[in-house]
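The values are calculated or read from the model by the stated rules, or taken from the named source; none is laboratory data. Not measured: the values here are computed from a predicted model. Note that each Cβ is placed from the backbone with ideal geometry, even for glycine, and that neighbours are counted across all protein chains shown. For accessibility, only protein heavy atoms count, side chains too; no ligands or nucleic acids. Shrake-Rupley method; radii C 1.70, N 1.55, O 1.52, S 1.80 Å.
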Amino acid sequence: MLVVIDTLNQDRFTEILYNVFTLRKRVLGDGSIWDNGISNGRDAAPFKKGEPSFFVSLDDDLNVVGCACVRPADGRHMISDMLRDVLDDKLLLESDTIWECKGFCVDPSGPAAFHTTCEIMIGILEHARSSGIGEIIAVIDPQMDRALRRSATEPRSYLGCKAGPDAMPTVAALIDCSEDRVAKLRAHAGIEGEIFIPEGEVEAAMPAPGMTSLGEVLQDYCTEQISAARTRQERIDAVALSQALTGHFRSKRSCDA
């Protein structure tokens, strides 16, 4: 399921944003163009015009398993500025009907990385269509390019290619937001129905600031049961319960302002 976080609701989803930046830093790393301006876990890219929107994929426990960032391409953006030499013939890409997508990453340890990748792509394309956006531009690596081709949704065209980090080739791709592309992605991934979760449902499932989450209560209870065990069997049962509930434990993190 997806939630879109932007300047209008970011204050209500600070914990999720913290986990977004943590995932981006872990997957994309520091010191290359793939980090897209990450600094101390934050997006520090110097593009002020057109605030970003984050498309965030959450699992059933509200853990961040994938994300991507989009910005309007009606002014300065990463491809036209920082990666201008990627473009053939120094093309100028500035339009109010184009979005730039960057920072696309999926938790590689997740059990459904392919599904998450397709879900984010579908979400961006559908949201773009409803916003009057016709095309998406993105710098992709060979792995993402192969993933697009396998899903029968290869980019409509390639605008340029260059050697990126560690001599890895990078491609500036132009992706249309057509209904046909969305349909092919949904069919290929087996994704049906609504993929966006209402913001109110996400908020309702999150622990209120300063309050203990259900996961913390369960974790404390299991710890107490293990400590209070008086027989070997009681301890075995308590440990088994703790292991069975591990998936429900969610550590509460604070987020920098």
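Could you count how many residues in the stretch 1-17 are modelled with pLDDT of 85 or more and acidic (Asp, Glu)? Count: 2. The set of residues in the stretch 173-189 that are open to solvent by 30 Å² or more (accessible area, probe 1.4 Å) and touching a residue at least 60 places away in the same chain (Cβ under 8 Å) comprises Arg186, His188.
Restricting attention to the stretch 206-227, the residues being assigned to a helix (DSSP H, G or I) and either modelled with pLDDT of 80 or more or not aliphatic (A, V, I, L, M) (or both) number 11.
Among the residues of the stretch 18-38, the ones that are at pLDDT 70 or above, crowded, with 16+ Cβ neighbours inside 10 Å and in a loop (DSSP other than H, G, I, E, B) come to 0 in all.
Across the stretch 141-156, not a single residue is classified as over 18 Å from Cys105 (Cβ atoms), modelled with pLDDT of 75 or more and touching a Phe, Trp or Tyr at 6+ places or on another chain (Cβ under 8 Å).
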